[in-house]
Amino acid sequence: MSAGPGYRPGPWPGEDGGPARTQVPPAGAPGGLGTRDGAGLRVTSRLAPAATMLVTRDPGELYLLRHTIGDDTVSFVERIDPVSLEPVVTSVELPGGPTWPGSLAAHANGSLYVVFGRHAHRLGPDLAVLASRTLPRHLPYNGFVILPDGTLVTKDFAGSRPGAPVAAGGRQRCQLVALEPEGLEVVASCDLPEPSIARLSADGDTVYVVGDTSLLRVEWDGTALHPDERFRARYRTMDGQGYGWDCVLAGGAAWFLDDGDGSEGYTGTLRGHGLATAPLHLVRVGLADGAVTLAEVCGLPGGLVANPPVIDVDRSVAVAYDSGNGVVQAFTIGTDGSLAPRWRREQDHGAHLVLFPDTGELVTGDYDADRTADQVVVLDVDAGEELARADTGSPLQGVLFPAVGFDGDAYLVTFATVTRLAR
């Protein structure tokens with residue numbers, strides 16, 4: 001039960017479940033909320049302002065990353081009770097920097113790693129600080145991947161933030177940084193030809209970067225990062241089209257959503273904040289040939305996402321969404337990589353997803369703006385049927401990272417709350 005050899009075995013040791021961002025628990029993890037049996041969801045919620053994500057370590061160990069707000073912020077980690085959600089141990093404040101949601105992961109060596117602001121930190125399971133490192137650029141670094149040899153790779157964030165807009169022509173080209181896991185020394189770096197707003201993904205020693213116009217690829221050889229000059233798949237090809245977010249690596253392709261402009265305008269919901277005039281697309285890029293396929297999600301202007309789709313390879317279904325217009329759209333994946341509409345829902349989903357592949361339960365969100373109430377909606381990934389619905393306890397739409405727990409349960413995180421879902 002592992003997300004990859006660099007990660008601690010467990011149901012959810014890193015964001016999106018692992019470096020391929022499949023948003024599914026590893027094989028062998030307990031999975032399924034039981035909603036196909038007609039069971040409702042038992043919901044426990046706790047206030048946790050400025051939370052980002054949860055990860056698991058050893059059985060019963062659940063860790064929550066939180067931070068403060070501003071341009072000189074700090075982060076901190078809580079080990080929380082996996083049922084009550086109350087803090088058990090809290091780390092000291094960890095130096096951060098400019099705010100953008102960072103990342104937390106449980107490493108194969110037993111340590112926890114945090115990247116937030118322009119700092120990286122290594123913590124023991126007791127949350128004692130073992131090492132810290134200031135990263136090269138005075139920018140937020142938005143997430144990282146752990147490679148099979150334990151090396152961490154991260155990059156700076158080139159997008160706009162609340163109160164800190166960046167014009168498209170003013171975005172800085174991104175730089176990848178490789179950190180060794182013991183003392184977090186910078187052991188390699190490489191500049192890429194484009195800015196990037198998305199988080200990194202990886203398959204083995206191959207790192208994928210969604211740039212603001214193209215999908216890029218970088219190889220790690222154990223000592224250096226080498227951009228693959230032969231692979232640069234341009235997905236941004238039409239007027240009014242926005243940049244892409246994080247990519248999922250599945251079924252021989254990279255999958256992501258475009259029209260990311262406007263997420264910095266989040267006001268408790270992403271609805272109505274999209275800036276793109278071209279419709280939002282599900283993007284598929286073949287990893288063997290770089291061939292790009294675009295499929296419109298709803299065909300409306302003003303589309304917006306800040307997160308990835310989910311791909312169920314076994315059922316040949318891809319689930320995309322447009323948070324700016326409140327649409328969830330599924331596609332059937334053809335054997336040739338083609339995409340045909342499968343099912344559609346009017347639903348205000350904004351966050352990363354969780355798919356339980358054994359049961360086909362897809363954990364999504366639906367924001368009720370009239371009540372300022374975030375809801376969780378469990379769907380049948382195959383047909384789009386609603387299996388269960390409940391309030392999460394958050395007054396803000398979820399746009400962050402869920403997780404899977406040790407007992408077939410799941411956790412949701414918003415900027416206001418952390419929530420447990422159980423049978």
Taking the criterion of being at pLDDT 95 or above, under 16 Å from S316 (Cα atoms), surrounded by fewer than 24 Cβ atoms within 10 Å (Cβ to Cβ) and in contact with a Lys or Arg (Cβ under 9 Å, 6 or more places away or on another chain), would at least one residue in segment 388-410 satisfy it?
no
It is to be established whether one or more residues within segment 84-96 are touching a Ser or Thr at 6+ places or on another chain (Cβ under 6 Å), assigned to a strand (DSSP E or B), of a type in the set (A, V, I, L, M, F, W, C) and under 25 Å from V145 (Cα atoms).
yes
Scanning for something under 21 Å from P82 (Cβ atoms), outside any strand (DSSP E or B) and of a type in the set (V, I, T), does segment 391-407 turn up at least one residue?
yes
Taking the condition crowded, with 24+ Cβ neighbours inside 10 Å, in contact (Cβ under 8 Å) with a residue 24 or more places away in the chain, in contact with a Leu (Cβ under 6 Å, 6 or more places away or on another chain) and outside any loop (DSSP other than H, G, I, E, B), does V218 pass?
no
Expected output for segment 78-92 (first residue polar (S, T, N, Q), partner part of a loop (DSSP other than H, G, I, E, B) and surrounded by 14 or more Cβ atoms within 10 Å (Cβ to Cβ), Cβ below 6 Å, 6+ apart or cross-chain) is S91/L127
Go through segment 1-43 and count every residue that is outside any loop (DSSP other than H, G, I, E, B), surrounded by 24 or more Cβ atoms within 10 Å (Cβ to Cβ) and more than 13 Å from the chain's Cα centre (by Cα).
1
Checking F116 against (1) of a type outside the set (D, E, K, R); (2) within 30 Å of R42 (Cα to Cα); (3) surrounded by 15 or more Cβ atoms within 10 Å (Cβ to Cβ), which test does it fail?
(2)
Among the numbered criteria (1) surrounded by 15 or more Cβ atoms within 10 Å (Cβ to Cβ); (2) basic (K, R); (3) in a strand (DSSP E or B), which single criterion is violated by R230?
(1)
Answer yes or no: is there a residue in segment 200-213 that is in contact with a Phe, Trp or Tyr (Cβ under 8 Å, 6 or more places away or on another chain), touching a residue at least 60 places away in the same chain (Cβ under 8 Å) and within 12 Å of V283 (Cβ to Cβ).
no
Restrict the check to segment 194-215 and report whether at least one residue is of a type in the set (G, A, S), within 20 Å of T22 (Cβ to Cβ) and in a loop (DSSP other than H, G, I, E, B).
yes
Cross-chain or 6+ apart pairs with Cβ under 6 Å, segment 19-34 first and of a type in the set (A, V, I, L, M, F, W, C), then surrounded by fewer than 22 Cβ atoms within 10 Å (Cβ to Cβ) and modelled with pLDDT under 80
A29/M1
Matching entry among G272, G260 (being closer than 27 Å to W100 by Cβ and surrounded by fewer than 17 Cβ atoms within 10 Å (Cβ to Cβ)):
G272
Of the residues that sit in segment 307-339 and are hydrophobic (A, V, I, L, M, F, W, C) and farther than 21 Å from M238 by Cβ, which one is farthest from the chain's Cα centre (by Cα)?
I333
Picking from L355, L362, the residue that is out of contact with any Ser or Thr (no Cβ under 9 Å at 6 or more places or on another chain) and not small (G, A, S) would be L362
In segment 187-227, which residues are closer than 30 Å to M238 by Cβ and of a type in the set (S, T, Y)?
S196, S201, T206, Y208, T213, S214
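The values are calculated or read from the model by the stated rules, or taken from the named source; none is laboratory data. Everything numeric in this text was worked out from a predicted model, so none of it was measured. Quick reminder, even Gly has a Cβ in these numbers, built from the backbone with ideal geometry, and neighbours come from all protein chains shown.
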